[in-house]
Structure formats: structure tokens, C-alpha cells
Amino acid sequence: MTKGSKLVVAAAGFLAWTFTAAPASAAFFSGFEADAGLSAGQWTVINPSFEGWDVVDGPGIEVQNGFVGGASAYEGNQKIELDSHGGQNTNSSITQTVALTAGTYEFSFAYLGRTGDEGTNGIGYSLAPGLNVTGITGVKADGWQVISHLFSLDVDSDVAINFWAEGSDDTLGGYLDNVRISAVPLPPALLLFGSALAALGWLRRHKNRASSKS
């Protein structure tokens, strides 16, 4: 192996070492931990807004503190339910708008089915723009699940996060916690890729000049 080829291998090794995923940074987070005046084991229905979430339809946001409805929060002390007590149509929907810059993001939240009946535990959700309408359902035995999606914005945008209860209007719905949008930066290697290619080109030219002089 020549000296020039050793340098090329070293540069390639540097590329491989730098090609690691960069950590995501939170652009938005809602853990439903705002003060609702609740002690452990208590719950209440809040309308028209809570922790930046506006109620669009239904009785409101049912905030639960501690072990309520057979489950504790995914993280912290409080979780919410959108098939809320109050009124005949108990399924509620909420929205919150977040200003984001152009880039790639991960949208995620924690979900738990309250009962053993998938037909009443459903939660629908969407991002506008960014994610078409979709939904999740399950049963209590599944435990808490973290649902996540990647989406990209070509330009700076106001993004509306929407959640709503699906299934039977029976005050027994899915639980929601830890709604997050995290920026997903480019891996460091992509940022350095152009520089690395330039370095490899310089090594190649340097080797060719050395060969022509010999």
C-alpha cells in the first residue's frame, strides 16, 4: 500500500466515524402537567383550554392526576382522556398550533387504551400540514405505547396538532400523554461530507503530482 492510499483510507475512516445520528431537539412538548387544581387520585374536565390546547368539540379535556381510571400517567403525574365526562356526546377534540421552521421533525405521543374494548379506546390525530389524518386504538393490556411519525416542512409553517376521541361515547376512551415535536438535524457526516470529498480530491491530485515528478 502506498503512502497516498494510506491517507485515503484514513479519510474514509474519518467519514465512517462521523456518520452518526445527531440527537433530536424538542421544538414542542406538552406533558399535561399544568396545574389543574388536582390532588393525587382526582380528575376534572377542563374547557375551553388547558396547557395551550383549545377544545374544538365535546365536553372538554379530562385531566387525571395519579392513579385514575386504572392507570397512572406515562410520565409525571397527569394524563388526559378525550372521551370526557359531561354531556351526551362525550367524545372531545383538541388542537394546538406550533410555529416551526423548515426542516425534518419527529412527532410523537404516548397512548394507552383505557379498557379491554378496542372499539371505545380509539384516538384520532393529525398535523396540518405534515401528517394526514390517522388513528390509534388498543387495549389496556398492551400498556403505554409511544407512537411516532417523521414529517418535513419545506418552508417555515404554523402546524396545527389535532387529537380527538374515536369510538363509543361512553366516557371510557384512550389515554394521552407526552405530546412532542422534535427537530431531526442532519447527521454530522452529511454536514462534513462536502469537506471530506474535497479532502479526498486534494489527496488524489497530490498523488498525481507526486507521480508525475518521479
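The values are calculated or read from the model by the stated rules, or taken from the named source; none is laboratory data. Predicted, not measured: the structure shown is a model, and the values here were computed from it. Heads up, the Cβs are rebuilt from the backbone with ideal geometry, glycines too, and the neighbour counts pull from every protein chain shown. For the accessible areas, the whole protein counts, side chains as well, though only heavy atoms, and no ligand, DNA or RNA atoms are used. Shrake-Rupley method; radii C 1.70, N 1.55, O 1.52, S 1.80 Å.
Values for this structure:
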{"read-out": "Scope the stretch 142-172; condition touching a Gly at 6+ places or on another chain (Cβ under 7 Å) and in a loop (DSSP other than H, G, I, E, B); matching residues", "value": "E166, G167, S168"}
{"read-out": "Residues of the stretch 126-138 classified as open to solvent by 30 Å² or more (accessible area, probe 1.4 Å), among the polar types (S, T, N, Q) and either part of a strand (DSSP E or B) or touching a Leu at 6+ places or on another chain (Cβ under 6 Å) (or both), total", "value": "2"}
{"read-out": "Scope the stretch 102-125; condition in a loop (DSSP other than H, G, I, E, B), among the small types (G, A, S) and under 13 Å from N91 (Cβ atoms); matching residues", "value": "G122"}
{"read-out": "Matching entry among S148, S108 (being surrounded by 14 or more Cβ atoms within 10 Å (Cβ to Cβ) and either touching a residue at least 24 places away in the same chain (Cβ under 8 Å) or aliphatic (A, V, I, L, M) (or both))", "value": "S108"}
{"read-out": "Positions within the stretch 173-189 being within 30 Å of G66 (Cβ to Cβ) and either open to solvent by 60 Å² or more (accessible area, probe 1.4 Å) or among the acidic types (D, E) (or both), in sequence order", "value": "D177, R180"}
{"read-out": "Residue satisfying condition, being at pLDDT 95 or above, open to solvent by 30 Å² or more (accessible area, probe 1.4 Å) and not acidic (D, E), within set A141, A160", "value": "A141"}
{"read-out": "Candidate set from the stretch 60-81 (those that are among the polar types (S, T, N, Q) and not in a strand (DSSP E or B)); member that is least open to solvent (accessible area, probe 1.4 Å)", "value": "S72"}
{"read-out": "Conditions (1) open to solvent by less than 40 Å² (accessible area, probe 1.4 Å); (2) modelled with pLDDT under 95: number failed by S168", "value": "(1)"}
{"read-out": "When residues of the stretch 82-105 are limited to those that are hydrophobic (A, V, I, L, M, F, W, C) and open to solvent by less than 60 Å² (accessible area, probe 1.4 Å), the one farthest from the chain's Cα centre (by Cα)", "value": "L82"}
{"read-out": "Residues located in the stretch 33-59, provided they are aliphatic (A, V, I, L, M), open to solvent by less than 40 Å² (accessible area, probe 1.4 Å) and assigned to a loop (DSSP other than H, G, I, E, B)", "value": "A34, A36, L38"}
{"read-out": "Options A12, A22; residue that is aliphatic (A, V, I, L, M), open to solvent by less than 70 Å² (accessible area, probe 1.4 Å), in a loop (DSSP other than H, G, I, E, B) and at pLDDT below 75", "value": "A22"}
